[in-house]
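Colleague: Quick one: the structure is below, questions incoming.
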2 protein chains.
Amino acid sequence: MKIALAQLNYRIGDFDGNKEKIRETIRKASVLGADLVVFSELAVTGYYPHDLLEKREFIERAEATIKEIAADCKGIAALVGGPAINQSDKGKMLYNAAWYLAEGEVRDVFFKTLLPTYDVFDEYRHFEPNRNFHILETSGIRIAVTICEDIWDEQPTFTEFGKNRIYQTSPLEELAPSGPEMIINLSASPFSYNQETWRKDILRKKARQYGVPLIYVNQTGAHAEIIFDGGSLVISGEGEIIHELKYFNEDFRMIDTEDLTAREVQPATDYIEKIHDALICGIRDYFFKSGFSKATLGLSGGIDSAVVAALAVKALGAGNVRVLLMPSRFSSSHSVDDAVALAENLGIRYDIVRIHEAVDAFEAGLAPLFEGLPHDVAEENIQARARGIYIMAISNKFGHIVLNTTNKSECAVGYGTLYGDMNGGLAVLGDVYKTDVYHLARFINRHQSVIPENSILKPPSAELRPDQKDSDSLPEYDLLDKILYQYIELNRTPSDIAGTGIDPLLVSRVIRMVNMNEYKRFQAAPILRVSSKAFGAGRKMPIVAKF
Amino acid sequence: MKIALAQLNYRIGDFDGNKEKIRETIRKASVLGADLVVFSELAVTGYYPHDLLEKREFIERAEATIKEIAADCKGIAALVGGPAINQSDKGKMLYNAAWYLAEGEVRDVFFKTLLPTYDVFDEYRHFEPNRNFHILETSGIRIAVTICEDIWDEQPTFTEFGKNRIYQTSPLEELAPSGPEMIINLSASPFSYNQETWRKDILRKKARQYGVPLIYVNQTGAHAEIIFDGGSLVISGEGEIIHELKYFNEDFRMIDTEDLTAREVQPATDYIEKIHDALICGIRDYFFKSGFSKATLGLSGGIDSAVVAALAVKALGAGNVRVLLMPSRFSSSHSVDDAVALAENLGIRYDIVRIHEAVDAFEAGLAPLFEGLPHDVAEENIQARARGIYIMAISNKFGHIVLNTTNKSECAVGYGTLYGDMNGGLAVLGDVYKTDVYHLARFINRHQSVIPENSILKPPSAELRPDQKDSDSLPEYDLLDKILYQYIELNRTPSDIAGTGIDPLLVSRVIRMVNMNEYKRFQAAPILRVSSKAFGAGRKMPIVAKF
């Protein structure tokens, strides 16, 4: 049996666009002699449509699209992800379904059993879990059709409670008595640099456990926060990876189930390269899928904005990136030189505006109210917010989306000004700790020096007062990031973290900073998620709490 | 049997504070001779702790708190809401539980079966549904103990799909064979002005259906977006409301199950009065529970900021509210006069700062970049953002939280400037349509004129260019709000809305504006929720989508 894996990049709610991509791929697979072509989870709608799933016309369009695609399936069959209405009078309105299309019509439908409702996943909000199991028989092969989480009945431990079975049911155990000869999994599995081995481990384990090949079709591309990395897989019944599709790109592969030997896998890459590629994918799709092409950002001469500018150029092209240098009276002359050097290295347009006239105007306006009070964070924030006004003016006048340059370490401890440097349509580094921003800079510079060495080597500073350094108010970033990673990604307790040899008072101080700044993150730009626990939709904390 | 209803205001994660409130109430009920005192859902943690529930130390504190409370239950029993660890090796980590405390210890525990996971509710994210049912027998009475949603197995229709049974199970049907003589419901049911009759209808229906009295204990108070209205109820087996506790305040009531006749209910109030009281509760608790007492906002002379200032004074006291008047060159002289008159009526401190020097400085800085381009939204936004800088400077310097004054109509169509007038720690009117803002102003003025008549009567204007009126770019608010209510609260399709006699082109234009502005709302301040569908946590829409 010849099966095609279709790893595509969908756009949420773009039924016409998604349909055309799917039909074109079916035609291509048909010409190549495929018996079955497999698409990913919720392919017709894009993953995840959120509360668009509550709109009647959205569901009607989705079901109509499925039927139109079915009409093309002549001499070839397809498995396509899309919502299905729950016809029972009980339970949620919808199922998350894999539609089996053949002979020009819908011939079968499989519903998702395990509905992830944690981190960025929210599926029980909209979907009823499947309770009835059946096998797909096609081209004489008995196939267990599963959707993403369905094969994750045993999860890698990811909470302090140490439990790895968060569901009551195992779909593969339910299907096993029917003797499946192959497992197919339609997926929408987002990228997390620190969990990427888990996925392969789980898939290989399941193939070995049931002794049958497993075909896993993921999607690729990004929708604001979430980045799907692709990397679809064909795994033999012995648990060996036979085929591995591209990462962060569309891909297509035909396999013959009679011949699962010739390995075609992707070259192994470092986690920093994966993050680098993920961020470029995230930027590119955010712009393309929003109908924009041009980005702007403020270039400070520091490392964060340098890395964002370099990534934006790779994602959008130098002609689509324009930057603003906004030195204050506290900016070092080096900062401007470094920013100019970077802009010239990247070949992007830059302009310099001075912020002190506007800052002076605000301070003069506030003088009668602030009389006799010391210069403090209020004035520092005026500088950051004046920069925010300038960059937004460029955005409003020329239609550029502002890229935010806040990194995860700053975002965690609230080291940033709301309505100032926290501005932006998309936060590129909001899920990348400062220590990894340095690694990204080194990676970007691996062939030639793009980011000036000085931006990488100088001590980090917000330059909001004379000789300010980040280390005046924060611990060194390598120590800070160690605390943050354990608290945020690993959900460890303060005493656990102190137990790894870090001063307990420092741990408490850092955790307190994280907790006190929920209100700021509530209003932060959407953050490109690259880890297992990003700020944003996947981490819901009360902003008014005492703990 | 004597039962006390304890309608309290909890603070999320404040185990010591919540515990002391609960213990004090147990002592009081004990002195009055109660056999049982009933608290609300998740009382020890506050509702809803979100991902704090994923922290081991949070759960350990919660269980320890329950045990400490149990130690006080001597000669009296209590039902207290709190999380419980799921001891099985399968399923989510926790149950949402009602703990039965008596004789100084935990004597029984009841788990919640129906886990709301829609709108602002997210319970399947953290909790495993109950599957085993048993009755509580105490003081010789057989009681069906349920938690909030457990009695909502039949929901009022709230989607276009018209389904009213979104669950597979009915906890009361499961318990019915055990012959309960009373139903107790521990609840955390938030206020929605347009759904408040539903709650009473459901509770009365269930009491009648099983022919037994029903005791419903809600909590009160607010946590950022969500406002709990209290209004706990005792309903007879005939479905009559016998007792009704206060709204938006703590309350306590002792009842004797032998004597369910004397009615003690709250006076009926208009929906505008309820919204008014809800917003005051929401402001007061946001400040108190965040450890702040002082608010600031920009007063424009328009109706929105006038209503917010008046509500803030009621919530926090005139001495804790300070306002800034920030006229631009396009502000009418009336605007300043109206704002001054309001501040004087309210007895609050006001200062006037002029924004044009700062605006001029930005425009001068941008002149080389904007040369030859027409004055447009870029310059209008500079004004709004310059005001944003001033008000945030007051906030930063004096520790005032900024109240945002955007109303729901503006928020819906994106009529507001990000990082400008969208600034604020809390959006007071973000769930109140403009037409209801007028009703609120009239309600505030019902005894004496607080808000100047001119602020109410003049045509709404952002005053960002000469003679600008909202109606230049938006339909009249009564028409706009009719479209928005049907689209947002009722989730109707464009053709359904046009079917109510509204120009289909206008309907499309308005819906397009709503959909195009998801990116702005993503960064909006938390909005006090008073309707069945507020922008914020209860309405999750993709920001990158094509539909």
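The values are calculated or read from the model by the stated rules, or taken from the named source; none is laboratory data. Note that the structure is a prediction, hence the values are computed from the model and not measured. Cβ placement follows ideal geometry from the backbone for every residue including glycine, while neighbour counts extend to all protein chains displayed.
Yes/no per residue for (1) at pLDDT 95 or above; (2) in a helix (DSSP H, G or I); (3) not hydrophobic (A, V, I, L, M, F, W, C):
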position: A:Ile242; (1), (2), (3): yes, no, no
position: A:Ala262; (1), (2), (3): no, no, no
position: A:Ala278; (1), (2), (3): yes, yes, no
position: A:Ile283; (1), (2), (3): yes, yes, no
position: A:Phe292; (1), (2), (3): yes, no, no
position: A:Leu342; (1), (2), (3): yes, yes, no
position: A:Arg354; (1), (2), (3): no, no, yes
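Colleague: Within the bounds of the range B:360-373, is there any residue that is in contact (Cβ under 8 Å) with a residue 40 or more places away in the chain, more than 7 Å from chain A (Cβ to nearest Cβ) and surrounded by fewer than 22 Cβ atoms within 10 Å (Cβ to Cβ)? Reasoning before the result, please.
Modeller: In the first step, residues of the range B:360-373 are kept if they are in contact (Cβ under 8 Å) with a residue 40 or more places away in the chain; the result is none.
Checked against the condition, which is being in contact (Cβ under 8 Å) with a residue 40 or more places away in the chain, more than 7 Å from chain A (Cβ to nearest Cβ) and surrounded by fewer than 22 Cβ atoms within 10 Å (Cβ to Cβ), the range B:360-373 yields no hits at all.
Colleague: Moving on. Would you confirm whether any residue within the range B:176-187 is touching a helix residue (DSSP H, G or I) at 6+ places or on another chain (Cβ under 9 Å), in a loop (DSSP other than H, G, I, E, B), surrounded by fewer than 20 Cβ atoms within 10 Å (Cβ to Cβ) and not hydroxyl-bearing (Ser, Thr, Tyr)?
Modeller: No, the range B:176-187 contains no residue that is touching a helix residue (DSSP H, G or I) at 6+ places or on another chain (Cβ under 9 Å), in a loop (DSSP other than H, G, I, E, B), surrounded by fewer than 20 Cβ atoms within 10 Å (Cβ to Cβ) and not hydroxyl-bearing (Ser, Thr, Tyr).
Colleague: Now for a different question. Any idea which of (1) away from chain B (no Cβ under 14 Å); (2) surrounded by 24 or more Cβ atoms within 10 Å (Cβ to Cβ); (3) among the polar types (S, T, N, Q); (4) in a helix (DSSP H, G or I) is the one A:Ser30 doesn't satisfy?
Modeller: (2)
Colleague: Could you tell me how many of the residues in the range B:361-394 are among the acidic types (Asp, Glu) and under 18 Å from A:Ala384 (Cα atoms)? Give the derivation first.
Modeller: Step one: of the range B:361-394, the residues among the acidic types (Asp, Glu) are B:363, B:371, B:376, B:379-380.
If we keep only those that are under 18 Å from A:Ala384 (Cα atoms) as well, we get B:363.
So the count comes out to 1.
Colleague: If I ask for residues that are within 14 Å of another protein chain (Cβ to nearest Cβ) and in a strand (DSSP E or B), which ones from the range A:116-147 would you list?
Modeller: Scanning the range A:116-147 gives a single hit, A:Phe127.
Colleague: Mind listing whichever residues of the range B:81-115 are of a type in the set (Phe, Trp, Tyr) and either surrounded by fewer than 24 Cβ atoms within 10 Å (Cβ to Cβ) or assigned to a loop (DSSP other than H, G, I, E, B) (or both)?
Modeller: Listed by number, the residues that qualify are B:Tyr100, B:Phe111.
Colleague: Evaluate the following for A:Ala498: is it at pLDDT 95 or above, within 16 Å of the chain's Cα centre (by Cα) and of a type in the set (Gly, Ala, Ser)?
Modeller: no
Colleague: Take the range A:66-80 and flag every residue that is touching a residue at least 40 places away in the same chain (Cβ under 8 Å) and part of a helix (DSSP H, G or I).
Modeller: Applying the first criterion (touching a residue at least 40 places away in the same chain (Cβ under 8 Å)) to the range A:66-80 yields A:66, A:68-69, A:72-73, A:75-80.
Passing the criteria: A:Ile66, A:Glu68, A:Ile69, A:Asp72.
Colleague: Could you say whether any residue in the range A:435-446 is in a loop (DSSP other than H, G, I, E, B), free of Cβ contacts under 8 Å to residues at least 60 places away in the same chain and more than 28 Å from A:His223 (Cβ to Cβ)? Steps first, answer last, please.
Modeller: Quick first cut of the range A:435-446, residues in a loop (DSSP other than H, G, I, E, B) only: A:445-446.
Filter again for free of Cβ contacts under 8 Å to residues at least 60 places away in the same chain, leaving A:445-446.
Going one step further and asking which of them are more than 28 Å from A:His223 (Cβ to Cβ), we end up with A:445-446.
Yes, there is a match, as at least one residue in the range A:435-446 is in a loop (DSSP other than H, G, I, E, B), free of Cβ contacts under 8 Å to residues at least 60 places away in the same chain and more than 28 Å from A:His223 (Cβ to Cβ).
Colleague: For the condition more than 30 Å from A:Leu528 (Cα to Cα) and among the β-branched types (Val, Ile, Thr), what is the one hit in B:Ile527, B:Ile483, B:Ile511, B:Ile488?
Modeller: B:Ile483
Colleague: Consider B:Ala222 carefully, then state whether it is in a strand (DSSP E or B) and either modelled with pLDDT under 95 or of a type in the set (A, V, I, L, M, F, W, C) (or both).
Modeller: When the stated conditions are applied, B:Ala222 passes them.
Colleague: Regarding the range B:454-466, can at least one residue be identified that is within 30 Å of A:Tyr390 (Cα to Cα) and surrounded by fewer than 18 Cβ atoms within 10 Å (Cβ to Cβ)?
Modeller: yes
Colleague: Give the residues of the range A:205-239 that are of a type outside the set (A, V, I, L, M, F, W, C) and within 14 Å of chain B (Cβ to nearest Cβ), sorted by residue number. Please lay out each step first, then the result.
Modeller: Filtering the range A:205-239 down to residues of a type outside the set (A, V, I, L, M, F, W, C) leaves A:205-206, A:208-211, A:213, A:216, A:218-221, A:223, A:225, A:229-232, A:236-239.
Matches in the range A:205-239: A:Gly221, A:His223, A:Glu225.
Colleague: Scan the range B:9-31 and report the pairs whose first residue is under 18 Å from B:Ala70 (Cβ atoms) and whose second residue is in a helix (DSSP H, G or I) and among the hydrophobic types (A, V, I, L, M, F, W, C), with Cβ atoms within less than 6 Å and a gap of 6+ or a chain change.
Modeller: B:Ile22/B:Ile69
Yes/no matrix, rows are residues, columns are (1) among the β-branched types (Val, Ile, Thr); (2) under 29 Å from the mean Cα position of the chain (by Cα); (3) more than 14 Å from every other protein chain (Cβ to nearest Cβ):
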{"site": "A:Asp51", "(1), (2), (3)": "no, yes, no"}
{"site": "A:Phe58", "(1), (2), (3)": "no, yes, no"}
{"site": "A:Ile66", "(1), (2), (3)": "yes, yes, yes"}
{"site": "A:Ile76", "(1), (2), (3)": "yes, no, yes"}
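Colleague: Also, quick follow-up: Just to check your reading of the model, which residue among B:Ala312, B:Ala339, B:Ala343 is among the small types (Gly, Ala, Ser), under 28 Å from A:Asn515 (Cβ atoms) and crowded, with 19+ Cβ neighbours inside 10 Å?
Modeller: B:Ala312
Colleague: While we're looking at this one, here's another question. Before we move on, is B:Leu186 over 26 Å from the mean Cα position of the chain (by Cα), under 27 Å from A:Pro129 (Cβ atoms) and in the same structural domain as B:Lys112 (by TED's automatic domain parsing)?
Modeller: Values: over 26 Å from the mean Cα position of the chain (by Cα): no; under 27 Å from A:Pro129 (Cβ atoms): yes; in the same structural domain as B:Lys112 (by TED's automatic domain parsing): yes.
No: the conditions fail for B:Leu186.
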